[in-house]
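The structure appears right after this line, and notes come after that.
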Amino acid sequence: MKRIEAFVRHFKIDDVKQALRRAPISGAVMTELWSIPTAPRGARQAYAKIEVIVHDDLVERVVGAIESSAGTRPAGGGSILVSAVAHAVALPNGQIDEAAIG
């Protein structure tokens, strides 16, 4: 199991949601964020953090869907992080690990 965290520009959220609907995932979580500028007069920018837990065989497809729909190419366009999930439990039914993520 893998966790995919994508930080995308706010104006790309709808494009990413459409791309994720075409990739067979069971759901995602989105959080709205603001960047913290490091330059003295840097402008804050709106981002969204999209989190998805997927089976290992879907990682490349989901990352590709996010990358192709969210890519803005200039610096500050966002990033995608992939990390391992050691354990998962579905609270409604007690399913564990791979079964818990659908």
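The values are calculated or read from the model by the stated rules, or taken from the named source; none is laboratory data. Computed from a predicted structure; not experimentally measured. Note that each Cβ is placed from the backbone with ideal geometry, even for glycine, and that neighbours are counted across all protein chains shown.
The residue of segment 1-15 that is surrounded by the fewest Cβ atoms within 10 Å (Cβ to Cβ), among those that are among the β-branched types (V, I, T) and under 11 Å from A48 (Cβ atoms), is I13. Set side by side, the residues A99, A65 differ, and just one is out of contact with any strand residue (DSSP E or B) (no Cβ under 8 Å at 6 or more places or on another chain), of a type in the set (A, V, I, L, M), modelled with pLDDT of 85 or more and more than 22 Å from I13 (Cβ to Cβ), which is A99. For beta carbons closer than 7 Å, sequence separation of 6+ or different chains, a first residue in segment 81-102 that is touching a residue at least 12 places away in the same chain (Cβ under 8 Å) and a second that is assigned to a helix (DSSP H, G or I) and of a type outside the set (A, V, I, L, M, F, W, C), the qualifying pairs are A88/D97. Scan segment 22-57 for residues that are free of Cβ contacts under 8 Å to residues at least 12 places away in the same chain and aromatic (F, W, Y) and the total you get is 0. Name every residue in segment 16-30 that is loosely packed, with under 15 Cβ neighbours inside 10 Å, in a helix (DSSP H, G or I) and not polar (S, T, N, Q), in order of residue number. K17, R21, R22 - these are the residues of segment 16-30 that are loosely packed, with under 15 Cβ neighbours inside 10 Å, in a helix (DSSP H, G or I) and not polar (S, T, N, Q). In this structure, is T38 among the β-branched types (V, I, T), loosely packed, with under 15 Cβ neighbours inside 10 Å and modelled with pLDDT under 90? Yes. All of (1) touching a residue at least 60 places away in the same chain (Cβ under 8 Å); (2) of a type in the set (G, A, S); (3) out of contact with any helix residue (DSSP H, G or I) (no Cβ under 6 Å at 6 or more places or on another chain) hold for G71 with one exception: (1). When E60 is tested against (1) within 18 Å of L81 (Cβ to Cβ); (2) touching a residue at least 12 places away in the same chain (Cβ under 8 Å), just one condition goes unmet, and that condition is (2).
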